[in-house]
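Only one structure is covered here, and it is reproduced in the block below.
The values are calculated or read from the model by the stated rules, or taken from the named source; none is laboratory data. Because the structure is predicted, anything quoted here is derived from the model rather than measured. Cβ atoms come from the backbone with ideal geometry, glycine included; neighbour counts cover every protein chain shown. Surface accessibility is based on the protein's heavy atoms, side chains included, excluding ligands, DNA and RNA. Shrake-Rupley method; radii C 1.70, N 1.55, O 1.52, S 1.80 Å.
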Amino acid sequence: MELYELAAYELREKIERREVGIEETVRAVLGKIAEVDGAVRAYVTVAREQALAKARAADERLARGEPARLLEGVPIAIKDNMCTRGVETTCASKILKGFVPPYDATVVERLEGAGAIIVGKTNMDEFAMGSSTENSGFFPTRNPWDLGHVPGGSSGGSTAAVAADEAVAALGSDTGGSVRQPAALCGVVGLKPTYGLVSRYGLIAFASSLDQIGPITKDVRDCAMVLGVIAGHDPRDSTSVPRKPCDYLKGLVPDVRGVRIGVPKEYFGEGMAPGVMAATGAALKTLQDMGAILADVSLPHSEYALATYYIVAPAEASSNLARYDGVRYGYRAPGCPDSVTMMTKTRSEGFGSEVKRRIMLGTYTLSAGYYEAYYLKALKVRTLITRDFDRAFEKCDCLVSPTSPTVAFRLGERTDDPLAMYLSDIYTVTANLAGIPGISIPCGFGEDGMPVGLQILGKHYDEATLLRVAYAFEQATDFHRMKPALRATSTSGSASASASAPASASTSTSTSPSASASDCCGRAPAGGERHA
Amino acid sequence: MIPRDLSALGPAIRTEQRRRSNGVTIPGDLTWGLRRGWDLKIAKEDVDHVAMLARLEFDEAEKAGVARQLSRIVEYVEKLNELDTEDVSPTAHAVPLRNVLRNDEVRPSLDPGEALRNAPDREGGFFRVPRILESE
């Protein structure tokens with residue numbers, strides 16, 4: 001078995017026992033990136049030299065007899081919306097191209113403090129707005145299971161990197177499903193922690209009341225391990241919750257006997273692809289056979305969640321993205337006679353169309369005369385959605401549903417219709433609105449042989465139960481051990497899609513897609529922002 | 001393969017088409033319809049106004065697209081009007097938040113040189129911008 005194929009905990013053991021060196025490990029992963037990323041395009045930036053320098057320093061550290069830390073030598077990828085000191089951070093936006101943060105996000109500090117080696121920054125939908133990574137300002141990322149399909153989004157670069165063994169683990173951010181949905185579509189594990197559990201300091205803000213950073217890993221044990229490292233109070237994020245640290249690894253017992261699992265009927269309605277339905281149904285049966293108690297529950301306001309989300313998130317985004325004005329960092333439109341013109345041109349040239357659409361929508365719903373009709377209304381419905389969960393959790397320990405209603409769709413299939421794209425998130429946005437944790441784990445394969453994810457939702461701060469159920473399921477199945485073929489097939493189950501998919505997507509396996517990172521910048525846009 | 005909520009979307013789209021085909025505006029609800037006679041929830045003039053507030057600009061062709069897409073999204077989110085929320089308090093944050101204060105102590109902060117390093121234009125210790133005030 002190649003080093004890059006190992007899970008983080010396996011790799012760390014080998015490193016601790018000095019069976020392999022850290023530089024050797026990092027070189028193996030960098031080699032894999034060189035081999036496959038021309039086709040997958042998971043990375044915006046590969047931090048090769050920094051990673052190798054840190055690996056050598058870590059090897060020397062161990063050679064001096066210092067103990068191996070929790071993630072010693074584990075090569076990790078970071079979504080490009082988290083600040084990395086000295087490494088370009090773009091949010092996959094032309095408006096931030098060239099921005100080199102002068103500080104590290106708290107999660108980056110914590111990972112490096114635990115010995116992890118950051119190998120690069122991954123592609124995403126621009127400013128995390130999207131569900132397919134096609135909204136990247138630079139180029140789309142491909143799904144390693146079929147290069148003609150999207151990896152999901154917005155953390156599609158991170159999930160594709162882990163699925164293709166281009167990183168042993170990764171971080172993503174989840175505002176409406178952006179960790180869980182791409183994890184499901186790429187067949188890896190992705191967790192959105194409870195709001196406030198992981199610091200957002202240094203995460204470039206999209207919708208501050210919904211954003212959470214979470215681990216993307218090959219299996220549940222790794223997920224628990226990475227979560228343990230990044231979770232915890234941070235005084236630099238005022239929404240970070242002061243809580244005692246929890247040992248998530250300790251709770252990983254392969255036993256779900258007596259665990260009450262709620263099955264929300266609203267999450268199994270029409271619109272779910274048959275393959276997703278079948279895989280999810282089989283997973284529920286597996287859990288039941290293992291001794292879990294299934295119970296029907298109702299979350300009656302679920303059908304209003306997506307509408308609520310698409311008021312709340314753009315409203316917060318329109319405010320957060322006001323900082324990109326061409327003054328302190330980032331791109332500035334050249335040759336403008338006055339500041340207002342400069343700001344307007346900078347933003348219009350620097351932002352992509354989905355970002356502009358959401359800024360417009362948010363500005364509209366917050367503008368005079370509409371605030372109450374839209375924004376305030378949505379905040380009230382958010383209360384109703386949260387109450388639904390409170391009631392459901394009186395009767396059960398966690399809830400189980402599919403992560404996304406369909407498997408990964410083909411590139412281009414939904415780009416013309418923003419609403420069709422938004423519907424990818426119908427089962428995931430509720431957790432962000434209510435602030436509860438959710439995990440997606442591989443549970444089978446559906447249409448076109450593409451992976452299906454099982455979503456488990458839990459009570460606030462009850463990541464331990466999610467991880468336990470996920471771990472037990474994983475121990476009883478081997479979906480997480482399946483590896484993608486890294487090629488494109490031309491046999492597609494959805495006929496309508498093939499017309500809009502780029503020709504190169506269905507034919508090329510080794511050539512790079514045409515879009516290029518360099519097409520965005522003769523100038524030096526930049527800028528990023530810290531969170532408070 | 002059509003997700004569930006698309007069915008909720010259907011009527012909204014059909015309503016919009018019906019309005020256009022008749023060439024008459026049939027207001028979907030009073031809050032909205034009374035304001036002006038539009039074919040779309042959001043007209044091109046609204047796009048101009050909102051774009052100005054957001055410091056964005058669109059060319060004429062883009063404006064029509066923006067108006068159409070925003071109208072569809074707004075019609076969709078108006079689904080929330082089905083719910084009576086008269087006695088419901090709003091949730092701005094999922095986790096109860098109180099003011100988070102720290103002691104008023106001087107601590108190290110970002111070096112000015114570092115802070116200015118990413119600026120598109122600077123002069124001395126300042127960010128430099130084009131003219132802000134109109135000249136006489």
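Worth a mention:
- Segment A:289-336 - residue that is open to solvent by 20 Å² or more (accessible area, probe 1.4 Å), among the hydroxyl-bearing types (Ser, Thr, Tyr) and in a loop (DSSP other than H, G, I, E, B) and, of those, nearest to A:Gly176 (Cα to Cα): A:Ser298
- Scan of segment A:244-271 for residues that are touching a residue at least 24 places away in the same chain (Cβ under 8 Å), within 11 Å of chain B (Cβ to nearest Cβ) and out of contact with any Asp or Glu (no Cβ under 9 Å at 6 or more places or on another chain), ordered by number: A:Tyr267, A:Phe268
- Matching entry among A:Gly65, A:Gly73 (being at pLDDT 95 or above, open to solvent by less than 40 Å² (accessible area, probe 1.4 Å) and on the phi > 0 side of the Ramachandran plot): A:Gly73
- Answer residue from segment A:192-225, given it is within 14 Å of A:Gly172 (Cβ to Cβ) and touching a Pro at 6+ places or on another chain (Cβ under 7 Å) and is nearest to the other protein chains (Cβ to nearest Cβ) among those: A:Gln212
Condition check ((1) aliphatic (A, V, I, L, M); (2) in contact with a helix residue (DSSP H, G or I) (Cβ under 8 Å, 6 or more places away or on another chain); (3) in contact (Cβ under 8 Å) with a residue 40 or more places away in the chain) across all residues:
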position	(1), (2), (3)
A:Arg27	no, yes, no
A:Leu30	yes, yes, yes
A:Gly38	no, no, yes
A:Val44	yes, yes, yes
A:Gln50	no, no, yes
A:Asp80	no, yes, yes
A:Glu88	no, no, yes
A:Pro101	no, no, yes
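- Each residue in segment A:313-336 was checked for being of a type in the set (Lys, Arg) and facing chain B (nearest Cβ under 7 Å), and 2 pass.
- Check on A:Glu72, more than 22 Å from B:Glu114 (Cα to Cα) and assigned to a helix (DSSP H, G or I): no
- Residue check for A:Gly362: crowded, with 22+ Cβ neighbours inside 10 Å and under 25 Å from the mean Cα position of the chain (by Cα): yes
- Test: residue in segment A:159-171 that is over 12 Å from A:Asn81 (Cβ atoms), surrounded by 24 or more Cβ atoms within 10 Å (Cβ to Cβ) and among the acidic types (Asp, Glu): yes
- Taking the criterion of being within 11 Å of A:Leu411 (Cβ to Cβ) and not hydrophobic (A, V, I, L, M, F, W, C), the residues of segment A:126-155 that qualify are A:Ser132, A:Thr133, A:Glu134, A:Pro140, A:Thr141, A:Arg142, A:Asn143, A:Asp146, A:Gly148, A:His149, A:Pro151.
- Looking only at segment A:94-121, and only at residues there that are of a type in the set (Lys, Arg) and in a helix (DSSP H, G or I), the one that is nearest to B:Ala119 (Cα to Cα): A:Lys94
- The C-beta contact set for segment B:83-102 (first residue within 16 Å of A:Asp390 (Cβ to Cβ), second residue basic (Lys, Arg) and outside any loop (DSSP other than H, G, I, E, B), distance under 9 angstrom, 6+ apart or interchain) comprises B:Val88/A:Lys380; B:Val88/A:Arg387; B:Ser89/A:Lys380; B:Thr91/A:Lys380; B:Thr91/A:Arg382; B:Ala94/A:Arg382.
- The sole residue among A:Gly86, A:Gly113, A:Gly98 that is more than 14 Å from chain B (Cβ to nearest Cβ), surrounded by fewer than 24 Cβ atoms within 10 Å (Cβ to Cβ) and farther than 24 Å from A:Ala163 by Cα is A:Gly113.
- Filter result (at the interface with chain A (Cβ under 8 Å from one of its Cβ atoms) and in a helix (DSSP H, G or I)) within segment B:83-116: B:Glu114, B:Ala115
- Filtered residue count, segment A:328-352, keeping only those that are under 30 Å from the mean Cα position of the chain (by Cα) and without any contact (Cβ under 8 Å) to a residue 24 or more places away in the chain: 1
- Considering only residues in segment A:337-368 that are in a loop (DSSP other than H, G, I, E, B) and under 12 Å from B:Leu53 (Cβ atoms), the one that is farthest from the other protein chains (Cβ to nearest Cβ) turns out to be A:Ala368.
- Search result, residues across segment A:226-253 that are open to solvent by less than 30 Å² (accessible area, probe 1.4 Å) and in contact with a Pro (Cβ under 8 Å, 6 or more places away or on another chain): A:Val226, A:Leu227, A:Ile230, A:Ala231, A:Gly232
- Answer residue from segment A:247-277, given it is touching a Gly at 6+ places or on another chain (Cβ under 9 Å) and under 26 Å from A:Asp388 (Cα atoms) and is modelled with the lowest pLDDT among those: A:Phe268
- Scanning segment A:466-492 for residues that are buried (at least 19 other Cβ atoms within 10 Å of the Cβ) and among the β-branched types (Val, Ile, Thr) turns up just one, A:Val469.
- Matching entry among A:Ala39, A:Ala58 (being farther than 29 Å from A:Ser154 by Cα and modelled with pLDDT of 95 or more): A:Ala58
- Where A:Gly412 falls short, out of the listed (1) at the interface with chain B (Cβ under 7 Å from one of its Cβ atoms); (2) at positive phi: (1)
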